[in-house]
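To keep things clear, I will list the structure first and then write my remarks on it.
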Amino acid sequence: MKFCPQCGSELNDGLIDQQIRRVCTVECGFVHWNNPTPVVAAIIEYQDQVLLARNANWPEGWFALVTGFLEQGETPEDAVLREVEEEVGLRGDAQFLGNYAFFEQNQLLITYHVRAFGDIVLGDEIAEVKLQPAEEVKVWSMGTGPALRDWLVARGVEPQSF
């Protein structure tokens, strides 16, 4: 942020709570805390396989979990089920798995295992999906990758890495 959303003055770096924060240059008191954004992530199990999705903006061959932002007044469980339905057309039951820090995007990933059913219908954001047996899923080192790795290990699968 460059300007204060309260008074329009310029923001400068200031030391608050031993952290560099963007603060208002006048005395209105605004501080941009830059807190992590909560994001839900779904490890989708569909027809006894793991469903991975490729976002329409990603290069060929890049697949990951279905993710999305919480809406105002929505629980994380409701959000993950909504995202699964919006992005791949499936309904399901969600079981909370854990929270994971995604420092590179300043996000807190609230991760669920979703047992899904219905017919796959791709939403506007998804270019394609792939289904893989859990034993064949390769995990990545950041973002949703650690959650997927932990889920596979809990199922007795030694995950492969990229």
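The values are calculated or read from the model by the stated rules, or taken from the named source; none is laboratory data. What you see is a predicted model, and the numbers here were worked out from it, not measured in a lab. No Cβ is skipped: glycine too gets one built from the backbone with ideal geometry, and neighbour counts run over all protein chains shown. For the accessible areas, the whole protein counts, side chains as well, though only heavy atoms, and no ligand, DNA or RNA atoms are used. Shrake-Rupley method; radii C 1.70, N 1.55, O 1.52, S 1.80 Å.
Structural remarks
- Screening GLU10 on (1) within 27 Å of the chain's Cα centre (by Cα); (2) open to solvent by 50 Å² or more (accessible area, probe 1.4 Å) shows it passes everything except condition (1).
- Here ARG115 fits the description: basic (Lys, Arg) and under 15 Å from ALA41 (Cα atoms).
- Restricted to region 31-73, and to residues there that are of a type in the set (Phe, Trp, Tyr) and not in a strand (DSSP E or B), the residue that is least open to solvent (accessible area, probe 1.4 Å) is PHE63.
- Verdict on GLY143 being free of Cβ contacts under 8 Å to residues at least 40 places away in the same chain, under 30 Å from ASN34 (Cβ atoms) and either in contact with a helix residue (DSSP H, G or I) (Cβ under 9 Å, 6 or more places away or on another chain) or part of a strand (DSSP E or B) (or both): no
- Reported count of residues in region 13-30, each being part of a loop (DSSP other than H, G, I, E, B) and over 29 Å from the mean Cα position of the chain (by Cα), is 5.
- Answer from PHE117, PHE96 - the residue that is within 15 Å of the chain's Cα centre (by Cα), open to solvent by 50 Å² or more (accessible area, probe 1.4 Å) and closer than 19 Å to GLN49 by Cα: PHE96
- Listed by first and then second residue, the pairs linking a residue in region 94-113 that is without any contact (Cβ under 8 Å) to a residue 40 or more places away in the chain to a residue that is aliphatic (A, V, I, L, M) and open to solvent by 90 Å² or more (accessible area, probe 1.4 Å), with Cβ atoms under 7 Å apart and 6 or more places separating them unless they lie on different chains, are GLU104/MET142.
- Residue-level check: of (1) modelled with pLDDT of 95 or more; (2) among the polar types (S, T, N, Q); (3) in a loop (DSSP other than H, G, I, E, B), GLN6 misses just (1).
- For region 87-100, a residue qualifies if it is within 16 Å of ALA64 (Cα to Cα) and either outside any strand (DSSP E or B) or of a type outside the set (Phe, Trp, Tyr) (or both), and the qualifying residues are GLU87, VAL88.
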